[in-house]
Structure formats: C-alpha cells, structure tokens
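This report concerns only the one structure given below.
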Amino acid sequence: MNTRQKRVQIKKYFSISKATPLVVFWVLPLMAYVTFDNKTAPDASHVSLLMLFVSSALLAYKLYMLMSAPSDAEIDAWLHEGVSGIVEESYEKLGIDKQTQLRNPLVIVSPIYWKWRGITQKELMVRRGKDRALRFSVYQVTILHLQEHQLCAYACTYQFVRHHTLNEMTFEYHYKDIVSVATKEISGTYRLPQGQRAIPVQEFRLSVASGEGINVTTGLDTVAAEKRATLLPTGVEEAVIAIRGVLRTKKVA
C-alpha cells in the first residue's frame, strides 16, 4: 500500500460512523410504503418507494465503508510509523546525535480535540475502536532527548490523516535549571467540535528556574467517559519517571 492509499484509508477510518441511523432511515420509508396503499394513496406510495431506494443505496454504501475500513491495529501501526518518522527528524531539528543520548528518546503522543492553531474544526475527528479505545486524527507529539548535560526537546502538532506536522518548537534546558517535572489535573475552557466547554484535563509540566518550560495536555478523561471509551497510553508516565531519575543522578553529582 503506497502513501496516498494509506492516507485515504486513515481518512476513511475517521470519517465513517455507525450504520444505525441509516438503518432507521431505511426502516421508516419501508413502513410508509407498506402502510400506504398504491391505489388509495399512489403519490405517498411512490414517494416512500423512492425514499426506500435512496436509503437502501446509502445503507449499502455505509456498510461497504464500514467493512472496507482499516482495523484498529492498522491505524495504531500507521500512527506508530508516523511518530517514529518524526522522532528521526527531531535529531536534525535539534542538531544532536544519537550517540550522545543517555537513553532512547521519550515520546509523548497526546490527542488534540479542541480548537488548535493551524487545525480546522472539521479536521478534529475521533473514533472509538472495537477495543473501546479512542483514536484521534490530530496529536501533539513531544520528543524528549536526555543528553549528558541537558534535556533537548522537539514538539509539533501532527495531523495524522494528512501526515503533516506544524507548530514546531524546540527546547533545550540544562538539568541544573530544571526545578520540577510532574503531571497534574487542571480545568480549562476548550472549544470542542460540539461547542465550547469547561472540562478537566491532565497536563504534563516540566518547569525551569527562569519560569519557562514544557506544557503538554495529555488526558481527556471527560471526553472518553462521555463516549464510554478509554484512552490509549500517551507515554507521559514513562517520561516523568525517566526524567526524575536522571535529575536525581545529575543533581547529586
């Protein structure tokens, strides 16, 4: 499967919805056609028959889309592939070498489901998989490279459907300047596809003495609960543990 075909498949995965509404739309004209007598109410009977044909065609198309869409596992594999490519590009963006790292890069992949710079509302899509986990069309990808004396980071917005990165940022902080690394729950007002709302979210925060730092929203538990779904791991727990371990070692030394 080439790149273009893959993008089409990913778009199809997020674009399709359940066929249940169309089943209802198909049943209603069927009931109307059965109810109206062709002799006593020929016009109503003909209209309901036409609606039955149209709804049948739409239902058949929707079922085809559902059956031909990629699986959850394929979407996960393609997301991993895309993020891995971003990790490789981050070395050049930061001007660092793989051999200078203390360990493999720490990668935080957090979903974006609200108004975001460079992203239109129609690009914000989500789908609950068969495993009940939510998968999103847009992510914030944050890559943390632990060097000998400093932490280097690259962050970007990843439009998964189009395999496009934007809003790129780079950071570099010496370990002695990092004052804290933590996750916390915060409340904020976000413009979701369904409208503006105040919801609690989880946030990863790395702070330095100057007041600067790296902030990443990582948890959308409210959205997941409303959709009766779960969230896939973001990698934030591993990042916090690893950075704290390096800070203890470096600051003691």
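Nothing in this text is a laboratory measurement; each read-out follows from the coordinates by a stated rule. Being a predicted model, the structure only gives us computed values, none of them experimental. A quick note on method: Cβ atoms are made from the backbone with ideal geometry, for glycine too, and the neighbour counts reach across all protein chains shown.
Loop-only check: which GluC sites (Glu not before Pro) in the range 88-188 are DSSP coil with at most 10 other Cβ within 10 angstrom?
148
Across the range 72-252, how many lysine pairs separated by 8 or more positions, or lying on different chains, have Cα atoms within less than 30 Å?
So the count of such lysine pairs works out to 23.
How would the range 168-241 be classified by its alpha-carbon gyration tensor: rounded, prolate or oblate, with rounded meaning a/c under 1.5 and the a/b versus b/c comparison settling the rest?
Prolate.
Amide H of residue 133: which non-local residues (sequence gap of 5 or more, or other chain) have their own amide H closer than 5 Å, using H built in the peptide plane?
Answer set, sorted by chain and number: 230.
Nearest 20 debye, what's the magnitude of the dipole of the range 180-226 about its Cα centre given +1 on Lys and Arg Cβ and -1 on Asp and Glu Cβ?
Roughly 100 debye for the range 180-226.
Where does the charge balance sit around residue 99 when Lys and Arg score +1, Asp and Glu -1, over other residues with C-beta under 15 Å from its C-beta?
After counting each charged neighbour, the total is -2.
Could you give me the ³J(HN,Hα) list for the range 111-122, computed from phi with Karplus coefficients 6.51, -1.76, 1.60 and θ = phi - 60°, whole Hz, x at Gly and Pro?
Each residue's phi maps through the Karplus curve to give x, 10, 9, 8, 3, 9, 4, x, 10, 7, 4, 5 Hz.
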